[in-house]
Amino acid sequence: GVMPQALRSQFRVPSKAVLIEVDGGVCRLQSRTTKGTEFLTEFRLDEDPDLNEVEQRKMLISMTEQIVLLLPDHYVLSKIISLPQATSSRLENVLQFEMDRNTPFKAEDVYFNYQILNHDTAQQTIQVKLEIVTRTVLDELISQLVSQGITPSSVVPQSLSVSEIDNPAMSLLPRQNG
């Protein structure tokens, strides 16, 4: 980079993750390290991006391994469904196929994650927790963030515990194949 080393070290955030919280149009960035979370900055999503601030934000998050959008719970539909145990090997496909039976949405209109909660061997069923967000909501939010210099690597429901945030299976973004 062009920035002198002495100046660059002041910006360096040796964090495992930057957490993005969105609350009523206000976006807060926090770094999460082994020592805990630390407030970085906040800004309004609905204001025109200030180019200097966008560059500063890009710098703040450039040193991090993960940029996680904590999606407010009111955007996320969470549902527990019961499926035949035989479906567990192709669960993602089954959930896509069954989406409009289990939710008010079609599979192509949503992003989702799932988690097997338990296996009932007597009944030959599995309990699956399904979490979905509509594509229109998440795409709009991500495009606002990108215009402000932030591209999330993962999107998870805000209600997740800290230990679950790092689990790639919990991300609502489509899984990248390859």
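Out of the residues in segment 161-176 that are under 16 Å from Gln30 (Cα atoms) and among the aliphatic types (A, V, I, L, M), state the one that is least open to solvent (accessible area, probe 1.4 Å). Looking at the filtered set, the residue picked out is Ile165. Run Ile80 past the list (1) under 18 Å from the mean Cα position of the chain (by Cα); (2) at pLDDT 95 or above and report the number of the one that doesn't hold. The one condition Ile80 does not meet is (1). Name the residue that is least open to solvent (accessible area, probe 1.4 Å), counting only residues in segment 46-55 that are within 14 Å of Cys27 (Cβ to Cβ) and not in a loop (DSSP other than H, G, I, E, B). Per the stated criteria, the residue is Val54.
Anything in segment 107-128 that is touching a strand residue (DSSP E or B) at 6+ places or on another chain (Cβ under 9 Å) and surrounded by fewer than 14 Cβ atoms within 10 Å (Cβ to Cβ)? List them, or say none. Talk me through it step by step, then tell me what you get.
So the first thing to find is which residues in segment 107-128 are touching a strand residue (DSSP E or B) at 6+ places or on another chain (Cβ under 9 Å), and the list is 109-120, 123-128.
Ile116, Leu117, Asn118, His119, Asp120, Gln123, Gln124 - these are the residues of segment 107-128 that are touching a strand residue (DSSP E or B) at 6+ places or on another chain (Cβ under 9 Å) and surrounded by fewer than 14 Cβ atoms within 10 Å (Cβ to Cβ).
Of the listed requirements (1) of a type in the set (D, E, K, R); (2) more than 19 Å from the chain's Cα centre (by Cα); (3) modelled with pLDDT under 90, Glu98 misses just one: (3).
Which ranges mark the strands (runs of 3 or more DSSP E) fully within segment 108-178 that have 3 or more residues being in contact with a Leu (Cβ under 7 Å, 6 or more places away or on another chain), more than 17 Å from Val68 (Cα to Cα) and in contact (Cβ under 8 Å) with a residue 40 or more places away in the chain?
Numbers: elements: 110-120, 125-134, 154-157.
Correct list: 125-134.
In segment 62-81, the count of residues that are open to solvent by 70 Å² or more (accessible area, probe 1.4 Å) and closer than 30 Å to Gln124 by Cα is one or more.
If I filter segment 156-176 for residues that are within 18 Å of the chain's Cα centre (by Cα) and modelled with pLDDT of 95 or more, do I get at least one hit? No: segment 156-176 contains no residue that is within 18 Å of the chain's Cα centre (by Cα) and modelled with pLDDT of 95 or more. For segment 82-106, residues that are open to solvent by 20 Å² or more (accessible area, probe 1.4 Å) and either among the small types (Gly, Ala, Ser) or assigned to a strand (DSSP E or B) (or both) total 5.
The values are calculated or read from the model by the stated rules, or taken from the named source; none is laboratory data. Note that the structure is a prediction, hence the values are computed from the model and not measured. Quick reminder, even Gly has a Cβ in these numbers, built from the backbone with ideal geometry, and neighbours come from all protein chains shown. SASA here: full protein model, heavy atoms, side chains in, ligands and nucleic acids out. Shrake-Rupley method; radii C 1.70, N 1.55, O 1.52, S 1.80 Å.
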